[in-house]
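Here is the structure we will look at, set down as structure tokens.
We did not get these values from a lab; they are worked out from the coordinates using the rules stated. Computed from a predicted model, the values in this text were never measured in an experiment.
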Amino acid sequence: MPAYAHYRENTRADFEVNYNEGYHEDEAIGAFVDGEIARAQNAAEILSGKTGKSTFDMTGGARSMTGAGLYTKTENWDKTLGDHKIWGSAEVTSQGDKFTTTITVHAMDRYDFNKHMKDKASGASDNENGRFATLGWAKPFMVSGSLTRVVTWKRGRRGKRHGGDQWPAVTSVGCAGESCWSRHWH
């Protein structure tokens, strides 16, 4: 696993992942990103309706994967990101009931080992791997990645996601729980 090897290199340098690859390889990451895009679509409709603006930027609040009821499914992505956070930043344009957003979903996590936890695949204690950092043989680091999508839809009707399915419906937007979208006018 490249992230584990990076941990053992003992550099503490940031580590970037191909989050688009994670989207396609791990069903839970795909669902997590799809949910963030659906929230952005809903926020765009609400912000456009409340303000009358047809062009604006907006940013979503960070959400944890477990907070969204998800966890990585594949061993590689479990060991690379596990329970990570994402947030979106988007450029929105609307013309009548037609919306287009270019959204970048940002992912971030701290690669380290949590005391009293275990590796799902091997059952190895995180205490063992975490001890390498205590002894100075390894260092935790920040993991990040992002992906960008352009989504077009009509008000109230979600655009299509990868695979051709409809984006999931979202019933509310705003500062509920960890998710909050704010606007920045052009």
Amide H contacts of Leu81 (H built 1.01 Å from N, under 5 Å, at least 5 apart or other chain): none
From Cα pairs below 8 angstrom and at least 6 apart in sequence, can you work out the relative contact order of the range 72-112, rounded to a whole percent? 39 percent
How long is the gain from Ala133 to Lys53 if the chain were fully straight, where each residue apart is worth 0.36 nm and the alpha carbon distance is subtracted? 23.7 nm
Take every Cα pair under 8 Å in the range 14-141 that's 6+ residues apart, average their separations, divide by the length, and report that relative contact order as a whole percent. 20 percent
Residues meeting the amide H criterion for Phe113 (H placed from the backbone, H to H distance under 5 Å, 5 or more places apart or on another chain) are none
Can you list the lysines whose alpha carbon sits under 23 Å from that of Lys139, skipping same-chain ones fewer than 8 residues off? Lys79, Lys85, Lys115, Lys118, Lys120
Can you list residues from other chains, or at least 5 along the same chain, whose modelled amide H is less than 5 Å from the amide H of Val17? Ser144, Gly145
